[in-house]
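Asks: Below: one structure in structure tokens.
Each value in this text was obtained by applying a stated rule to the coordinates, not by laboratory testing. What you see is a predicted model; the values in this text were computed from it and never measured. As a convention, Cβ positions derive from the backbone with ideal geometry for all residues, glycine included, and neighbour counts pool all protein chains shown.
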Amino acid sequence: MPSFALDGQEIVFKPGQTILEASIAAGHYIPHLCWHPKLSPHGSCKLCTVQVNGRLCSACTFPAADGQEVISASEELRQLRLRLTQMLFVEGNHFCPSCEASGQCELQAMGYYLGMTDGHFPHFFPRREIDASHPEVLLDRDRCIFCELCVRASRAEGKNVFELAGRGIHTRLVVNSPSGRLGDSALQAQDLAARVCPVGAIVLKETAFRVPIGRRRYDHKTIAEVSLEQEAPLVRAHWQEANHE
Amino acid sequence: MTERYRYLETASQPKTLRRVAIDPVTRVEGHGKVTLLLDEGNRIHQARLHIVEFRGFEKFIQGRPYFEVPVLVQRLCGICPVSHLLAAAKAVDRIVGAECIPPSAEKLRRLLHYGQVLQSHALHFFHLASPDLLFGFDSPTSKRNILELLREERFRDLALKGIKLRKFGQEVIRAVIGKRIHGTGPIPGGMNKHLTDEDRRHLEADLPWVLAWAEEGLELVRRIYLAEPDFHLRFGLIRSPFLALVRSDGGHELYDGRIRVKGEDGRLLFDQVPDSDYLRLLREQVKSWSYMKFPYLAALGPEDGWYRVGPLARINACDFIDTPKAEAARREFMQLNSGFPIQASLAYHEARMIEILHCAEKIQQLLADPDLYAGELVASGTMGSEGIGVIEAPRGTLIHHYQIDEDGLIQRANLIVSTTHNNTAMNEAIRQVAAEYLDGQELTEELLSRIEIAIRAYDPCLSCATHALGQMPLWVELQDVRGNRLQRLVRHSDGTVEAR
């Protein structure tokens, strides 16, 4: 079986797997925000940046190859990921104290995981529109990190409800409906697109604040532990199915 | 009731007078200052309590979803966040048409609230107020703090008990909403979890000493008060009606009731007013020298309609307390003025200690109630567009009022916070102290501290109370690096802006 070395440990992989998939399936966490085991990789958040044979690459899109030397757990990369996470915080309006996703938010959990204690950069305080027109789903653009998980999920579901529009600092999440409002779109609360948001940008109204403190996803576990518990089995199952096919 | 000392609100010739400031007022929550204007003979011509900080919650929650509001507005305060959480949750219950929430949810909220009132009162009395009472009003001000109490052998045990009493209240809060400060639990129409058996065991283990120490604390205040009854009755003595929520049978109430206003002579001026009618009952006045508004009873007008809220108002206004030890204490307390409302500012301390005892008794009752551990948690109803939630916070009646748009986003919010109700009362109390004890005297730090003692009796939370936007008078000044004024913009209380 082909293999590569991740921080000195041998990772056996299946041909076609990315470095991130192979590492997580083997029980080794690499930080990530825009990657989801059920959706195509995107390579935009750059949290999964690793050194492959000395070169910086996104582990979620870079194919695993036999004999690669991959470094993920270095202080240099932790610093890089920390700065990226801080940028994500200051580019939006992330007020954790009143956010429904607090304790369940991947961005917040990533901040804790990387030892983030401040925003480092000046806050942008962008003005973004909230869309509460959908009876079951709230779209709070203040918290969007442009990971496009909802875009990809909705595309995979054949609805194409979400898209990113604009460029640079003017980038914003838009809704594909005649009025541009979520309430006039084809989105339903049970769609993956309504449930895949890693932060609190897309919130199910009915269940807001229903999970008590102490039972939230990251109350007792780090994002690494949760990822390996919940995402690793999905990756393994996916590749087992792919092999049978 | 016209303010007897109102003549000290505004001096006729302020520019000719010497200004003395107590800035900041210490051992209160939030930031405020007192200014005194004196003539050459140290005669006082003006005394004002200014609230100098500014919050703006009413404005910046506009556009947020209604279900987020309770969690958001609890950040108004780190001392009584539960009161804001619950007042907003009650308003949101009404928005979603779930005015009657399941018994389990209501009892959990009540338990939460009793824990909150207990810890807040304990914080105020033991950490903030007791050093004045125990060391004496003429003792060095540098000595009057909880650390000095802990250093003194004779007070150490008492101070430690106070700290532990507060901790117990916070543990009750943690058990119900997951964190001692700023947790989550109340949701539209109910609560998100029951209490666990483990929490029950943990809290019940501490209850015997909590009850004993609550009684000890009450006894201590009574002893101090009765050691010099004339002085304590006279100090900061002002006369006003009292406003509080009461039960439908007139009983003492903290979580949910109807509004009663009892006059100075004990007559009921208003009774069983639905809390949703607060706008008909109350108005607010703005004064150019404070960020805190001055509420008054609409029927009596801004001059005569001021009143007081808080522990003393609740004890004065109610007909009885529904727990035996607190009721016995209330009866004894009311004898201080032969059954008529007690007016002394310092009487707030004893009323506060009666409520600590009451909360401890209620917590004991509730922990034995099976509804806390099982049963329906959430009710639903027909969505509306407006909700009013009123609760008795530790410092008094707390009003939250929200209107939403068709998408469920907050369009308008009105918060009348407990401390705000007592604004006129605190100003009148410091004017009384200034007139009775400072007028004509050579001012010393200890004399000035008497002003603070009068304010402290009301346990004001100034950071909670200053959040209005719109018509609030405001000065914005642009200065160069040397502090020279380059430009000043003044917004008057009528909303007009002027460049000066």
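Asks: On average, how many beta carbons from a partner chain sit within 10 Å of the beta carbon of a residue in A:129-135?
Replies: Taking the mean over all residues of the peptide, I get 4.
Asks: Report the relative contact order of chain B, percent, no decimals, based on alpha-carbon pairs under 8 angstrom and at least 6 residues apart. Could the numbers behind the result be given before it?
Replies: Working: 1053 pairs, mean separation 122.3, N = 500.
It rounds to 24 percent for chain B.
Asks: If you take each beta carbon of peptide B:192-205 and count the beta carbons of other chains within 10 angstrom, what is the mean?
Replies: 1
Asks: Also: Let me know the charge dipole size of the range B:307-401 about its Cα centre in debye, to the nearest 20, where only the beta-carbon of Lys, Arg (+1) and Asp, Glu (-1) is charged.
Replies: Computed about the Cα centre, the dipole is about 440 debye.
Asks: Taking θ = phi - 60°, what integer Hz values does the Karplus form 6.51 cos²θ - 1.76 cosθ + 1.60 yield along the range B:6-12, in sequence order, with x for Gly and Pro?
Replies: Going residue by residue, I get 4, 4, 9, 6, 9, 6, 6 Hz, with x marking Gly and Pro.
Asks: Right, something else. Counting pairs of alpha carbon atoms under 8 Å apart in space and at least six apart in sequence, what relative contact order in percent does the range B:238-389 give?
Replies: Relative contact order comes out at 23 percent.
Asks: What's the ranking of B:202-210, B:189-197 by average number of surrounding C-beta atoms within 10 Å, highest first?
Replies: With the highest mean Cβ count within 10 Å placed first, the list reads B:189-197, B:202-210.
Asks: Right, another one. Convert each backbone phi in the range A:101-113 into a coupling constant with the Karplus relation 6.51 cos²θ - 1.76 cosθ + 1.60 (shift: θ = phi - 60°), then list the ³J(HN,Hα) values in order as whole Hz, x for Gly and Pro.
Replies: Once rounded to whole Hz, the list reads 7, 3, x, 10, 8, 5, 5, 5, 5, 5, x, 5, 4.
Asks: Restricting the count to DSSP beta bridges whose residues both fall in the protein assembly as shown, what percent are antiparallel, rounded to a multiple of 5?
Replies: On the way: 72 of 77 bridges.
Here the antiparallel bridges make up roughly 95 percent for the protein assembly as shown.
Asks: How many lysine pairs in the range B:57-426, separated by 8 or more positions in sequence or lying on different chains, have Cα atoms less than 14 Å apart? Present the calculation step by step, with values, prior to reporting the outcome.
Replies: Details: B:90/B:107; B:107/B:193; B:107/B:362; B:167/B:179; B:179/B:193; B:325/B:362.
Number of lysine pairs found: 6.
Asks: While we're here: With runs of 4+ DSSP H residues as the only contributors, calculate the mean residue ellipticity of the protein assembly as shown at 222 nm using -39,500 (n - 2.57) per run, divided by the residue total and rounded to the nearest 500.
Replies: Rounded to the nearest 500, the figure is -10500 deg cm²/dmol.
Asks: Which order do the peptides B:155-161, B:369-375, B:302-308, A:121-127 take when ranked by the mean count of other beta-carbon atoms within 10 Å per residue, highest first? Please report the intermediate quantities before stating the final value.
Replies: Details: B:155-161: 16.6, B:369-375: 14.6, B:302-308: 20.6, A:121-127: 11.0.
Result, highest mean Cβ count within 10 Å first: B:302-308, B:155-161, B:369-375, A:121-127.
Asks: For B:320, A:162, A:209, A:146, what's the fewest-to-most ordering of other Cβ within 10 Å of each Cβ? Walk me through the numbers on the way to the answer.
Replies: Values: B:320 15, A:162 25, A:209 21, A:146 18.
Listing B:320, A:162, A:209, A:146 from fewest to most nearby Cβ atoms yields B:320, A:146, A:209, A:162.
Asks: Further, regarding this structure: Rank by packing, highest mean first: peptides A:110-116, B:356-362, with packing defined as the count of other Cβ atoms within 10 Å averaged across residues.
Replies: Numbers: A:110-116: 18.3, B:356-362: 26.4.
Most protected by this proxy first, the peptides run B:356-362, A:110-116.
Asks: Related question: Mind listing the long-range amide H neighbours of residue B:411? Cut-off is under 5 Å, sequence gap 5 or more, other chains count too, H placed in the peptide plane at 1.01 Å from N.
Replies: Correct list: B:63, B:403, B:404, B:405.
Asks: What order do you get for A:69, A:10 when you list them from fewest to most C-beta neighbours inside 10 Å? Kindly include the intermediate steps, with their values, before the conclusion.
Replies: Details: A:69 13, A:10 10.
Ascending number of Cβ neighbours within 10 Å: A:10, A:69.
Asks: Using the Karplus curve 6.51 cos²θ - 1.76 cosθ + 1.60 with θ = phi - 60°, work out ³J(HN,Hα) for each residue of the range B:227-237 in order, rounded to whole Hz, and write x for Gly and Pro.
Replies: Result, rounded to whole Hz: 5, 9, x, 5, 4, 5, 6, 7, 5, x, 6.
Asks: Now a separate question. Could you work out the mean count of beta carbons from other protein chains within 10 Å of each residue's beta carbon in A:208-219?
Replies: Mean number of neighbouring Cβ atoms from other chains: 5.
Asks: Return the distance in nm (one decimal) between the two label points of a simple spin-label model at residue B:338 and residue A:10, each offset 7 Å from Cα along Cα→Cβ.
Replies: In this crude spin-label approximation the distance works out to 9.8 nm.
Asks: Can you classify the range B:57-426 as rounded, prolate or oblate using the Cα gyration tensor, where a ≥ b ≥ c are the square roots of its eigenvalues, rounded means a/c under 1.5, and otherwise it's prolate if a/b beats b/c and oblate if not? Mind dumping the intermediate values first?
Replies: On the way: a/c = 1.65, a/b = 1.21, b/c = 1.37.
Oblate, because a/c is 1.5 or more while a/b does not exceed b/c.
Asks: Continuing with the same structure: Could you pull out every residue, at least 5 positions away or on a different chain, whose amide H is within less than 5 Å of the one on residue B:29? Hs are placed 1.01 Å off N in the peptide plane, and Pro or chain starts have none.
Replies: Counting only residues 5 or more places away or on other chains, the set is B:462.
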